[in-house]
Amino acid sequence: MLARSKRLAKVSVCAVIVAFLQNACSRETDNAITSINSTSDTNTAAEISNEDRKDLPSDPHIIERGRRLFSSCGVCHSVNTSLPSSAGPHLQGVLGRTVGSVQGFPYTSVLMQQNGVWSVARLDQFIKNPREIYPGTSMAFGGIADESDRRAIIAYLASLDTD
Amino acid sequence: MHKLSNRDPLDRRLFLKTGAATAAGLALTSCADENPDRNVRDKDNGYHVVIVGAGFAGATAARELAAKGWRVIVLEARPRVGGRVFTSQFLGRQIELGGSSVHWVQPHVFAEMQRYGFGFAEVPLYDLDASYIMLGDGTVKNIAPSTFDEKYTSAFNKFCADSRSLFPKPYDPFFNETLHKLESISAEEHLLSLDLDELQIASLRAELTLYAGAPISEFSYTSFVKLFALASWDTFTFTDSEKHWHIDSGGTSALVQAILDDSRATVRLGAVVQEVTDHGDSVSIKLSDGELVTASTAIFTLPTKVYPDINFKSGLSKEKQAFIDNAEMSDGANIYMRTTNNLGNTFCFCDDPNPFNAVQTEEFSDETGTILKATLGRQSLIDLNSFDAVAAELRKIHPNAELTDVAPYNWVTDPYSKQAWPSYRVGWFSKYKDMAKPEGQLFFAGAATADGWHEYIDGAVESGIRAAREAHLRMEKSYAG
Ligand SMILES: Cc1cc2nc3c(=O)[nH]c(=O)nc-3n(C[C@H](O)[C@H](O)[C@H](O)COP(=O)(O)OP(=O)(O)OC[C@H]3O[C@@H](n4cnc5c(N)ncnc54)[C@H](O)[C@@H]3O)c2cc1C
């Protein structure tokens, strides 16, 4: 129990440091999330990741807020591939990942049939209202109405990739 | 990127290959036809029984039927087993986001715990440092725990005063026929007929709202009193059975998994049942991706509010359809919260229409702060996914609470439950048998169909045993003939 809490603390400290460094060398933007159509399904994962990430907040406080808000998601989703949850696919490296592609995870056919990549815009729409973008998803989540909360969560997830 | 088809059979071999970490995460079991120590009745590779839903009712039915030698497949829409129980992690702790409390007065679930070697984990409900009652208008009263206990217990005793005469045989709830005459009395009507003070009404209404999952003017009075009768007509035992004991080592989800593992049935996750055709001598079930699964019989264990999402090609009886359309209403949810400050061992009842009906300390220390669990009868009164809304609500009870982490689970927005625990609307208690009744080759289980603890895990297990017995007898007859 304690070990797990320490690990969480370590992850968040790393995330904060990385985010802080990013902040120092990149322009802090607070753009509204771009439309889902702006990141075409044909773009490569790497293109989507790079294009998207630069618009995400990198303020360590926002990322820390994202980490806290993520505890709602954390009941079903792990951010650690070696400690998977049975209820949802792990979210380590989710930005740029093909939708419905974690090996061995029993997705419903709706997500299995998708070919897109998880861009910031797509993730944002999914977290806002999962069943609007993918009707039939089994994600048992009503959605987060507050846009800044969603951005903080996505920024937190993005920060894990650079950990 | 390669996509694994979710139709790839994730059988025991893959299960072993994918390693312990994945094994812990992905709940899968092997096929009955690999089962060497059971007398599988025929070798034609077809399934005898398809069970829809891998909650307690489905898992129990699978185990019972496989033990009799029938070949069983369980189709589960979610990526995990357990249904309305879900053991998860919050800040490194085991938490129960759905059904959680169990007790030795609940005979079916207690027997399952005994069978698979599970014990009880205690929640600090007694020896409170502080107790509160929030009135309907949001005013919070800080009441000494002894006064709280005294007031609540006497109110509860009054509410359930007739339970012995109404339910002399709680497992045969309509044994006393006068019960039919009380069918139209709501919990609110009965509550207000008693001689209770403001705090007693507020605390009892909070408790009843939890069971109703709705305003208690809609809630069947007698259905609640039946639950009290099942707890040996005793208030202390009732409270102890509903709020004090969880399942240890892996919790409710691990117990469901143990039952399923024992069944050795084929379990398919992510398998959303969409259409059902009863051909008279077989049943075919169409999944959302178009695949057909066929068996001699089928057992449905769905939450009542989910039935309308499935197309029963030959329809369901009008009585069953009426139950599905009207009988249930639970708008409930759970949320765990952590505050940095140590609030001590506290309990709070909040009267309707405040969203958190019961807020209970689960853990407290100067090092951890406080882990609180709130249970909501009416989640639609608050946006549980708004951290700020949750923090504001908690601060009404604990003004100094420094909330840092939350873990909600909203069962109503979950497409595979659409409701929380079963609860009967006033006028519908006596109709639960309509829901339980077999129709053709289709059998029906699920906690809402239980004679006993229908709002509980225990009721789900009871119903799984009953439906499995019915399906077994039917198949014995047709295979003999
Ligand atoms: C918040 C909450 C708190 C509770 N507290 C307690 C408590 O403290 N103590 C207690 O004893 N009980 C409690 N309960 C009640 C208890 O959890 C339930 O009564 C019990 O788990 C119901 O089991 P079941 O098998 O009948 O239904 P479920 O567990 O709902 O199982 C039905 C299954 O069917 C699946 N399904 C749905 N649709 C489809 C489809 N189309 N295709 C395939 N599968 C499908 C579902 O995913 C699910 O797995 C609580 C419930 C909730 C929600």
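Summarising the amide proton neighbourhood of residue A:100: residues at separation of 5 or more, or on other chains, whose placed amide H is nearer than 5 Å comprise an empty set. What's the angle, to the nearest 10 degrees (0 to 90), between helix B:221-230's Cα axis and the longest principal axis of chain B? Rounded to the nearest ten degrees, it is 80.
Provide B:226, B:477, B:320 in ascending order of the number of other Cβ atoms located within 10 Å of each residue's Cβ, fewest first.
On the way: B:226 25, B:477 9, B:320 21.
If I rank by nearby Cβ atoms, fewest first, I get B:477, B:320, B:226.
For a footprinting-style exposure proxy, rank B:207, B:198 by other Cβ within 10 Å, fewest first. It would help to have the intermediate numbers written out before the result.
On the way: B:207 26, B:198 12.
If I rank by nearby Cβ atoms, fewest first, I get B:198, B:207.
Each label point was placed 7 Å from the Cα along the Cα-to-Cβ direction; for residue B:474 and residue B:389 their separation is 4.2 nm. Here chain B is treated with +1 on each Lys and Arg Cβ and -1 on each Asp and Glu Cβ, and its dipole about the Cα centre works out to around 1640 debye. Amide H contacts of residue B:405 (H built 1.01 Å from N, in plane; Pro and chain starts excluded): B:338 sit under 5 Å, all sequence-distant by 5 or more or on other chains.
Hey, fewest Cβ within 10 Å first, where do B:244, B:180, B:108 land in order?
Details: B:244 17, B:180 12, B:108 22.
Ranked by crowding around the Cβ, least crowded first: B:180, B:244, B:108.
Remark: the range B:349-365, residue by residue, has Karplus-estimated 3J(HN,Hα) of 9, 10, 5, 4, x, 7, x, 8, 6, 9, 10, 10, 6, 9, 7, 8, 6 Hz, where x stands for each Gly or Pro and the curve is 6.51 cos²θ - 1.76 cosθ + 1.60 at θ = phi - 60°.
Mind checking A:131-141 for the average number of partner chain beta-carbons within 10 Å of each residue's beta-carbon? If you can, show how the numbers build up before the last one.
On the way: counts 2, 0, 0, 0, 1, 4, 1, 12, 5, 12, 6.
Mean shielding by partner chains, rounded to a whole number: 4.
Between the amide H of residue B:121 and those of B:246, B:247, B:248, distances stay under 5 Å, these residues lying 5 or more places away or on another chain, with hydrogens modeled in the peptide plane.
Take the alpha carbon gyration tensor of the range B:83-192, find the square roots of its eigenvalues, order them as a ≥ b ≥ c, and report rounded if a/c is under 1.5; if not, report prolate when a/b exceeds b/c, else oblate.
On the way: a/c = 2.02, a/b = 1.11, b/c = 1.82.
Because a/c hits 1.5 or more and a/b fails to exceed b/c, the range B:83-192 counts as oblate.
Rounded to the nearest 10 degrees, what's the angle between the helix B:251-263 long axis and the longest principal axis of chain B, both from Cα atoms, 0 to 90? Between the helix axis and the principal axis of chain B, the angle is about 20 degrees. Between residue B:137 and residue B:105, the modelled label-to-label distance comes to 3.6 nm, taking each label 7 Å out from Cα in the direction of the beta carbon.
For chain B, what mean projected area does the convex hull of the alpha carbons give, in nm²? Walk me through the intermediate numbers first.
Working: hull surface 93.5 nm².
Directional mean of the projected Cα hull area for chain B stands at 23.4 nm².
A simple rule links phi to the HN-Hα coupling: the Karplus curve 6.51 cos²θ - 1.76 cosθ + 1.60 with θ = phi - 60°, which for the range B:404-418 gives 10, 9, 9, 9, x, 9, 9, 6, 7, 7, 6, x, 9, 10, 6 Hz, with x for Gly and Pro. Cross-link pairs exceeding 26 Å in C-alpha to C-alpha distance, out of B:151/B:305; B:286/B:418; B:418/B:477; B:226/B:477; B:305/B:437; B:373/B:396, comprise B:151/B:305; B:418/B:477; B:226/B:477. Nearest 10 degrees, 0 to 90: what angle lies between the long axis of helix B:198-212 and the longest principal axis of chain B (Cα atoms)? The answer is roughly 10 degrees.
In peptide B:379-387, what is the residue-averaged number of other protein chain Cβ atoms found within 10 Å of each Cβ?
Shielding by partners across B:379-387 averages 4.
Between residue B:325 and residue B:176, the contour length at 0.36 nm per residue exceeds the Cα-Cα span by 50.9 nm. With contacts taken as Cα pairs under 8 Å at a separation of at least 6 residues, chain B carries a relative contact order of 23 percent.
Coordinate-derived values only; no laboratory data. The shown structure was predicted, so the numbers you read here are calculated from the model rather than taken from an experiment. For neighbour counting, all protein chains shown are included, and Cβ atoms are generated from backbone atoms with ideal geometry for every residue, glycine included.
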